[in-house]
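The values are calculated or read from the model by the stated rules, or taken from the named source; none is laboratory data. Every value quoted in this text rests on a predicted model; they were computed, and no experiment measured them. Every residue, glycine as well, gets a Cβ built from its backbone with ideal geometry; the counts of neighbours run over all protein chains shown.
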Amino acid sequence: MALSGLQIFKLLAKTNCKECGFPTCMAFAMQLAAGKAELDKCPYVSDEAKAALGEASAPPVRKVTVGAGDLAVTVGEETVMYRHEKRFEHMPGLGVMITDAMDDAQVDTLMRQLKEQQFNYVGRTLRPRVAAIKAADGAALAALAAKVDAGCGAALVLVSDDAAALKAAAEPLKDKKPLLYAASESNFDAVAAVARELDVPFAIKAGTLDKLAELGQKALDGDFKDVVLDPSSSSLGDVLMDQTLIRRSAVKKTFRALGFPTIGFPCNMTDDRMLEAVYASVFIAKYAGFVILSDLDPARTLPLLYLSQNIYTDPQKPMQMDQGIYPVNDPGPEAPIIVTTNFSLTYFTVSSEVEASKMPAWLAIMDVEGQSVLTAWAAGKFVADAIAPFLKKSGIEEKAPHKNVIIPGYVAQISGELEEELGDGWQVQVGVREAADIPKFLRQWSAA
Ligand code: SF4
């Protein structure tokens, strides 16, 4: 049973030390009761209090990990309906369906894509991580799962209605925590027994949310925590409605029977690959934990991964780089110095253009709390009397003593003032406004 804020408060240390990030123990207790804070943020909770808080301290959507090692996928642990209320915690695991109806070449291609398909985007590596394995019987399922595990190490979803087949495939791989898919009304006890015996997560599927909640409650009654839900949505409207209702029930009503992450199979919903990508995008935007596609064409996986990344960044924390000097293309003492802000997108756009130009350069990245050039300038953070001390203390003069610095074209107006602030023979050159023009600019700079 959920505890009230006051009940939780009575179990806390009541020192108001603020280490949890909240001004008082009472404020922390209220947020905990609302499912918007995690108990482990308070370092002073006694074991006794932890036990007493029990369920009340669990996030409204349980955390579940499928797979092991680099490609393990952790989902759930979500506490809000909308990203701007706090943040979404764990990006969904994007994956592909691999079946024993595919020939070896197809399977090999998908394994290679799972292994090699990696996209770097604003400093993070995005990649599909999940392989859903489906086969006609236990032996074929076990053989294909073992092959895919050895071939690419993806987090595995084992697909069968037969508990014995799931066991045959999962047992040799139980340390890799494959997800058993799925327990339904007809086989719940058998699949749950395999999950308990092997200590692996399992999915529950049902045709209606009522039935799904019934089975979710059965899992709770059996003390299962690593559970994933599939409401078997069959249309775009159903996906939107089912995923929203599941999240709303979990987060707003603390309805534990639906308080688990979800899995969606756009691969089973249409033969039209573009429409499938649209379905996948709705699953991603609307809370799904795992999204399984029919192939890994980068024309679709790349935008889907970018979409996930955009939704799952913390809206309260601008993505930013550490302040410092970043060498690009092995620069020497004569290489140009380009100063810009530490907004990740700015940094990665500029550095990738410099890299593509093959011209060596020093990037002087200034901490302006992750703001872009114009925003930081407007906020008085990327201005002459801030940039000058940054450059002087940055150590750039030891690496490149020529005392020429290039500023972004958007802040051309600060060039004179910056030259004055820097003094000591420094010269300021106005660079380009658009990153795409950087290669041409650098070629002209080095020719001058
Ligand atoms: S860290 Fe714990 S003791 Fe300190 S204010 Fe937060 S809840 Fe209270």
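Is there any pair with a first residue in segment 391-414 that is farther than 22 Å from F441 by Cα and a second that is part of a strand (DSSP E or B) whose Cβ atoms are under 8 Å apart and which are 6 or more apart or on different chains, and what are they?
S394/G324; S394/I325; S394/A364; G395/I325
Go over the candidates D322, D314 one by one and state the one that is in contact (Cβ under 8 Å) with a residue 12 or more places away in the chain, touching an Asp or Glu at 6+ places or on another chain (Cβ under 8 Å) and either surrounded by fewer than 15 Cβ atoms within 10 Å (Cβ to Cβ) or in a strand (DSSP E or B) (or both). Break it down stepwise before answering.
Working: D314 fails: touching an Asp or Glu at 6+ places or on another chain (Cβ under 8 Å).
Every option except D322 fails the conditions.
Scanning segment 40-59 for residues that are within 9 Å of the ligand (Cβ to nearest atom) and surrounded by 13 or more Cβ atoms within 10 Å (Cβ to Cβ), which turns out nearest to H84 (Cα to Cα)? Reasoning before the result, please.
Step one: of segment 40-59, the residues within 9 Å of the ligand (Cβ to nearest atom) are 41-45.
Checking which are surrounded by 13 or more Cβ atoms within 10 Å (Cβ to Cβ) leaves us with 41-42, 44-45.
On the way: K41: 20, C42: 23, Y44: 29, V45: 29 Å.
Checking each candidate, the answer is K41.
Is it the case that L220 is surrounded by fewer than 20 Cβ atoms within 10 Å (Cβ to Cβ), closer than 24 Å to F188 by Cβ and either in contact with a helix residue (DSSP H, G or I) (Cβ under 8 Å, 6 or more places away or on another chain) or not assigned by TED's automatic domain parsing to the domain that holds K115 (or both)? If you could, list the steps in order and put the result at the bottom.
Values: surrounded by fewer than 20 Cβ atoms within 10 Å (Cβ to Cβ): yes; closer than 24 Å to F188 by Cβ: yes; either in contact with a helix residue (DSSP H, G or I) (Cβ under 8 Å, 6 or more places away or on another chain) or not assigned by TED's automatic domain parsing to the domain that holds K115 (or both): yes.
Here the answer is yes, as L220 does meet what is asked.
Residues that are of a type outside the set (K, R) and surrounded by 18 or more Cβ atoms within 10 Å (Cβ to Cβ), at least 2 per element: which strands (runs of 3 or more DSSP E) completely within segment 350-448 meet that?
Details: elements: 361-366, 404-407, 427-430.
Counting at least 2 such residues, we get 361-366, 404-407.
Within segment 102-110, does at least one residue satisfy the condition of being buried (at least 17 other Cβ atoms within 10 Å of the Cβ), under 25 Å from the mean Cα position of the chain (by Cα) and over 30 Å from S351 (Cα atoms)?
The answer is yes; a qualifying residue exists.
Would you confirm whether any residue within segment 177-200 is closer than 26 Å to R83 by Cα and surrounded by fewer than 23 Cβ atoms within 10 Å (Cβ to Cβ)? If you could, list the steps in order and put the result at the bottom.
Here is the first cut: in segment 177-200, the residues closer than 26 Å to R83 by Cα are none.
There is no residue in segment 177-200 that is closer than 26 Å to R83 by Cα and surrounded by fewer than 23 Cβ atoms within 10 Å (Cβ to Cβ).
To keep it simple, each residue is scored yes or no on (1) touching a residue at least 24 places away in the same chain (Cβ under 8 Å); (2) surrounded by 20 or more Cβ atoms within 10 Å (Cβ to Cβ).
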| site | (1), (2) |
| --- | --- |
| V239 | yes, yes |
| T244 | yes, no |
| V251 | yes, yes |
| I263 | yes, yes |
| T270 | no, no |
| L293 | yes, yes |
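Go through segment 281-300 and give me each residue that's assigned to a helix (DSSP H, G or I), within 29 Å of A250 (Cα to Cα) and not β-branched (V, I, T).
Going through segment 281-300, the residues assigned to a helix (DSSP H, G or I) turn out to be 281-285, 298-300.
Right, trim to within 29 Å of A250 (Cα to Cα) and you get 281-285.
Answer for segment 281-300, where residues must be assigned to a helix (DSSP H, G or I), within 29 Å of A250 (Cα to Cα) and not β-branched (V, I, T): S281, F283, A285.
Which of the residues that make up segment 2-20 are within 8 Å of the ligand (Cβ to nearest atom) and either basic (K, R) or in contact with a Lys or Arg (Cβ under 6 Å, 6 or more places away or on another chain) (or both)? Before you say what the answer is, go through the steps one by one.
Our first condition is that a residue be within 8 Å of the ligand (Cβ to nearest atom); within segment 2-20, this holds for 12-20.
If the condition is that a residue be within 8 Å of the ligand (Cβ to nearest atom) and either basic (K, R) or in contact with a Lys or Arg (Cβ under 6 Å, 6 or more places away or on another chain) (or both), then K14, K18, C20 are the ones that fit.
On the given criteria, is S234 assigned by TED's automatic domain parsing to the domain that holds K177, surrounded by 19 or more Cβ atoms within 10 Å (Cβ to Cβ) and polar (S, T, N, Q)? Explain how you work it out, then say what you get.
On the way: assigned by TED's automatic domain parsing to the domain that holds K177: yes; surrounded by 19 or more Cβ atoms within 10 Å (Cβ to Cβ): no; polar (S, T, N, Q): yes.
Considered against the rule, which asks whether it is assigned by TED's automatic domain parsing to the domain that holds K177, surrounded by 19 or more Cβ atoms within 10 Å (Cβ to Cβ) and polar (S, T, N, Q), S234 comes out as no.
State the number of residues belonging to segment 28-39 that are more than 8 Å from the ligand (Cβ to nearest atom) and more than 26 Å from the chain's Cα centre (by Cα). Walk me through it before giving the result.
Going residue by residue through segment 28-39, those that are more than 8 Å from the ligand (Cβ to nearest atom) are 30-39.
Then keep just the ones that are more than 26 Å from the chain's Cα centre (by Cα); that gives 30.
The total comes to 1.
All but one of (1) surrounded by fewer than 17 Cβ atoms within 10 Å (Cβ to Cβ); (2) without any contact (Cβ under 8 Å) to a residue 60 or more places away in the chain; (3) outside any helix (DSSP H, G or I) hold for K225, so report the exception by its number.
K225 satisfies all of (1) surrounded by fewer than 17 Cβ atoms within 10 Å (Cβ to Cβ); (2) without any contact (Cβ under 8 Å) to a residue 60 or more places away in the chain; (3) outside any helix (DSSP H, G or I) except (2).
Out of all the residues in segment 383-412, which are farther than 19 Å from V350 by Cβ and in contact with a Gly (Cβ under 6 Å, 6 or more places away or on another chain)?
K403
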